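The values are calculated or read from the model by the stated rules, or taken from the named source; none is laboratory data. Worth saying up front: this structure is predicted, and the values here are computed from it rather than measured. For neighbour counting, all protein chains shown are included, and Cβ atoms are generated from backbone atoms with ideal geometry for every residue, glycine included. Calculation scope for accessible area: heavy atoms of the full protein, side chains included, ligands and nucleic acids excluded. Shrake-Rupley method; radii C 1.70, N 1.55, O 1.52, S 1.80 Å.
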Amino acid sequence: MSSIIYQKSTMVALLEGVYDGTMTKEELSQKGDFGLGTFQALDGEMLAVDGGFYHLREGKAVEVEAKDVLPFAVMTYFKGQTEMILDDVLTQKELEQQLEAQMSSENVFYAIKIEGVFKQVKTRTVAKQRKPYPPMTEVAESQPVFELEDVKGTMVGFFTPNYVAGVGIPGYHFHFIDEHKTSGGHVLDVTVQDVKVILEEKTFLELDLDDTQRFRNANLDKENIREEIEEVE
């Protein structure tokens, strides 16, 4: 169904250092042609768009290899329902206001594709970790940050309702890749200049929990989950 979002594992598991991959790129491609995630040992970011899968690491982008495995991903089949053209320079906050104006409710999910010219994109790509894995809040303290200016490309992401905090990332979560598919990362800040925005409402969530001993033993009952997510995002 096109209204399904498939999610492998949970955000709170990543926060607790559950970084071992359990799903291959081939398996993930059966769940959608559009999405994002991360790789074994938190080795960079994943972006999927138009059926292509890309590994974003150290600000660079390459195609995902068959041997790559992922501990966390969010995928869907994307067709698009609502389109709009934004031909003014807009900050991230102003962009989000435009997105919210197109949403029928903040209690459902949305897949969002933004393509065109970006005045500025600030990204990060988390670095590969070694066991024993540190929690993600520690990893975020030293994550490399990259900035692109006056670049054409595509942002792929989702809007997740606030009540799903911990399972997913509440609010907006975007990854970016340039038009040549050579650079990108997790979006920290963005200023759009001339873009097409496409939204698609999603009302079904398929949650596939990580069936590993590390996941089963992790402390996932966290009172300050929203604060920790904001810290790493």
Tell me yes or no: at least one residue of the range 198-207 is among the aliphatic types (A, V, I, L, M), open to solvent by 20 Å² or more (accessible area, probe 1.4 Å) and either farther than 21 Å from ILE4 by Cα or free of Cβ contacts under 8 Å to residues at least 12 places away in the same chain (or both).
no
With the requirement that a residue be among the charged types (D, E, K, R) and in a strand (DSSP E or B), what does the range 69-117 give you?
GLU83, LYS113, GLU115
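Would you check which residues across the range 40-54 are open to solvent by less than 40 Å² (accessible area, probe 1.4 Å), under 15 Å from ILE177 (Cβ atoms) and not in a strand (DSSP E or B) and list them?
As a first pass, look at the range 40-54 and keep what is open to solvent by less than 40 Å² (accessible area, probe 1.4 Å): 41-49, 52-54.
Next, only the ones that are under 15 Å from ILE177 (Cβ atoms) stay: 44-49, 52-54.
Across the range 40-54, the qualifying residue is only GLY44.
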Per-region count, the range 110-160, residues over 19 Å from THR91 (Cα atoms), open to solvent by less than 40 Å² (accessible area, probe 1.4 Å) and more than 18 Å from the chain's Cα centre (by Cα):
3
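Just wondering, is there one or more residues in the range 59-68 that are surrounded by 13 or more Cβ atoms within 10 Å (Cβ to Cβ), assigned to a strand (DSSP E or B) and touching a residue at least 12 places away in the same chain (Cβ under 8 Å)?
Applying the first criterion (surrounded by 13 or more Cβ atoms within 10 Å (Cβ to Cβ)) to the range 59-68 yields 59-61, 64, 68.
Now drop any that are not assigned to a strand (DSSP E or B), which leaves 60-61.
When the remaining residues are screened for being touching a residue at least 12 places away in the same chain (Cβ under 8 Å), the result is 60-61.
The answer is yes, given that some residue of the range 59-68 is surrounded by 13 or more Cβ atoms within 10 Å (Cβ to Cβ), assigned to a strand (DSSP E or B) and touching a residue at least 12 places away in the same chain (Cβ under 8 Å).
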I'd like the full set of residues that are open to solvent by 10 Å² or more (accessible area, probe 1.4 Å), of a type in the set (A, V, I, L, M, F, W, C) and either part of a strand (DSSP E or B) or more than 20 Å from ASN219 (Cβ to Cβ) (or both), limited to the range 1-39.
MET1, ILE4, MET23
